[in-house]
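A short write-up of the structure that comes next.
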Amino acid sequence: DGSPSPASDVAVYTPSARPGSRAPHAWLGAGRSILDLFGKGFVLLCFDQRLDAAPILGAARSRSVPCVMHDVRQPEIARLYERKLVLVRPDGHVAWRADHVPADAADLIDRVRGAVPAIGRRPKANAVGPHAAPIKEQQV
């Protein structure tokens with residue numbers, strides 16, 4: 001998402017909601033951690049209730065990708081996550097974040113589920129599917 005990588009110091013943990021990082025811990029209240037939301041499917045954290053995240057949820061549903069949205073209304077947690085929308089994988093890693101719903105939500109879901117290569121990466125020569133590199137015919 002263009003944000004700088006957190007400091008790489010094994011002795012000091014720097015919480016980051018940058019894609020690829022583990023989603024940072026925060027208390028939602030009453031002894032409930034935001035980490036408790038993760039583990040059963042994708043979780044879309046929404047820090048701005050004015051945003052209509054239905055296209056993302058619809059794209060996930062159309063691809064049979066389990067995804068639920070949680071409105072988070074604590075400003076201190078919003079500051080920690082740094083974006084208005086944050087998509088977290090079932091393993092608790094941030095898959096994507098932005099301040100707006102993407103123009104092509106289906107493409108976002110395909111990318112985070114591994115159906116298309118990440119931007120800037122070339123498909124493997126032996127990959128299968130619509131985004132695979134063409135197979136060259138060989139004479140035997």
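The values are calculated or read from the model by the stated rules, or taken from the named source; none is laboratory data. Only a predicted model underlies this, so the values are computations on that prediction, with no experimental measurement involved. Don't worry about glycine lacking a Cβ; one is built from the backbone with ideal geometry, like all the others, and counts go over all protein chains shown. Ligands, DNA and RNA are stripped out before the accessible areas are found, and what is left, the full protein with its side chains, is counted by its heavy atoms. Shrake-Rupley method; radii C 1.70, N 1.55, O 1.52, S 1.80 Å.
Sorted by accessible area with a 1.4 angstrom probe, largest first, how do 8, 3 fall? Mind showing how you got there, number by number?
Working: 8 120, 3 20 Å².
Ranked list, largest accessible area first: 8, 3.
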Theoretical FRET efficiency, 1/(1+(r/R0)^6), r = Cβ-Cβ of residue 52 and residue 13, R0 41 Å, to 0.05: 0.75
Environment charge of residue 83, counting only residues whose C-beta is closer than 13 Å and scoring Lys/Arg +1, Asp/Glu -1: 0
For residue 101 and residue 63, what does the FRET efficiency come to when R0 = 22 Å and r is the distance between their Cβ atoms, rounded to the nearest 0.05? 0.85
